[in-house]
1. Work out how far the C-alpha atoms of the range 212-293 reach from end to end along every principal axis, then list the three figures in whole Å, largest first.
2. Set the Förster distance to 25 Å, then compute FRET efficiency between N211 and D169 from the Cβ-Cβ distance, nearest 0.05.
3. Which order do the peptides 180-186, 314-320 come out in when sorted by mean C-beta neighbours inside 10 angstrom, highest first?
4. What is the count of Lys pairs in the range 151-242 whose alpha carbons sit under 25 Å apart, if the two are 8 or more places apart or on different chains?
5. Over the alpha-carbon set of the range 99-200, work out the extent along each principal axis and list the three values in angstrom, largest first.
6. Which value, in Å to one decimal place, does the Kirkwood hydrodynamic radius take for the range 254-332 when every pair of different Cα atoms is included?
7. Need one number for the range 219-267: average projected area of the convex hull over its C-alpha atoms, nm².
8. Could you work out how far the C-alpha centroid of the range 250-325 sits from that of the range 216-246, in angstrom?
Amino acid sequence: YFFYNTITITKFCLDFFEVLSKHFPSDNIICSPLSISAALGMVLLGARGNSATQIETVGKNKSFVLFLHISTLCYLKVPDDQCDIPGGIHSQFHDIFSAINKPTTSYELANANRLYGEKTFNFLQQYLSSIKKLYQAELEIADFQNAAEETREQINLWVETFTNGKIKDLFAPGTLSADTMLVLVNAVYFKGQWAVEFKKENSKERPFQINETTSKTVQMMYHMGEYKIATIEEHPCQVLELPYKNGDLSMYILLPKDYTGLTQLEKELTFEKLTTWISPGHLKEDEVEVYLPRFKIETSAKLNQYLEALGITDVFHQGVSDLSGMTKTGGLFVSHVVHKAYIEVNEEGTEATAATGGGVTTTSARIPVKFVADHPFLFFIRHQKTKCILFYGRVSSP
């Protein structure tokens with residue numbers, strides 16, 4: 001099931017990150033392409049006319065176009081009991097979320113998707129049942145006209161509860177108003193345990209070179225062991241795979257040769273290059289000395305402007321928005337699409353067993369490869385079974 005859908009999400013990930021990075025050229029960034037893709041799918045289910053066409057033709061990503069187009073056709077033309085036929089697009093999405101969200105002790109992942117719609121609009125039951133079935137999401141009726149601030153507090157509380165207190169204050173006071181009509185909330189939290197922990201006693205303060213004139217002292221984690229690594233000569237950079245407990249997920253780090261290389265790497269990175277670099281033909285097991293800073297990143301973004309930069313404009317503007325698949329009441333448009341992602345990376349992992357040795361010595365005759373992340377880098381977290389990128393980000397200043 002998964003192959004086609006994860007290709008589309010990965011391509012969309014790179015397109016979206018390109019737009020996001022232009023607005024945040026030197027900031028830490030974290031986003032979840034899977035979650036944003038699902039959010040767009042939810043909007044498309046209710047969009048019609050040019051509003052739907054713009055989402056279908058988002059950016060240059062023809063695979064994502066086809067994916068969304070088929071999703072819409074499924075909703076519009078296929079009987080409800082056939083909408084999740086095995087191998088179908090919605091079935092793939094459902095299977096991806098089921099695989100990723102299955103109970104596990106190796107990582108915490110909370111993904112919150114919910115729509116809040118102004119109560120004066122009569123939302124269609126077909127739409128409500130479809131987003132619940134296909135995206136495990138709900139549309140909450142809200143009284144923005146008379147109680148915008150109370151609604152804001154309710155939304156914030158729901159997100160905070162859903163993410164176990166990790167994501168707070170999604171909407172700042174005054175963000176929502178009596179003019180607000182439809183809000184799409186997407187919040188994602190992740191914390192994983194490494195397959196092999198970085199021992200805290202090995203973490204030391206080391207300099208991190210942010211740019212030519214600025215450096216800062218960070219807590220640099222350290223471990224020496226067997227890792228999959230590749231050196232990409234043409235860019236140049238190193239690619240390292242750090243597996244999480246049980247092997248369900250891995251973090252991949254793309255580290256330029258020095259602090260000047262990140263901008264060029266971001267500019268030139270394509271789906272084909274990324275796929276090639278993390279393939280078994282490139283990543284090889286080796287003895288690696290890994291230096292990686294602790295980092296904690298939280299990115300909150302109103303996605304309207306970034307999606308408009310990709311060509312999705314009508315759904316955000318009253319008078320041209322056509323969301324007649326959600327409601328037959330005219331005038332509805334999407335007021336806010338808010339995405340907030342949070343990730344924490346530290347030493348925590350499974351306790352090393354006696355068979356793994358002390359972690360800092362080796363009897364191998366090989367000279368260890370050094371991987372020293374003491375300057376800005378890209379990273380992403382991939383679910384190995386589905387090959388789906390859950391998070392994609394940049395560390396500019398840990």
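1. 40, 33, 21
2. 0.25
3. 180-186, 314-320
4. Counting lysine pairs in the range 151-242 gives 15.
5. Result, largest extent first: 55, 33, 14 Å.
6. Answer for the range 254-332: a Kirkwood hydrodynamic radius of 17.8 Å.
7. For the Cα atoms of the range 219-267, the hull's average projected area reads 4.7 nm².
8. If you average the Cα positions of each part, the centres end up 17 Å apart.
Read-outs throughout are calculated quantities, based only on the coordinates presented, and are distinct from any laboratory measurement. Quick caveat, the model's predicted, so the values are computed rather than measured. Note that each Cβ is placed from the backbone with ideal geometry, even for glycine, and that neighbours are counted across all protein chains shown.
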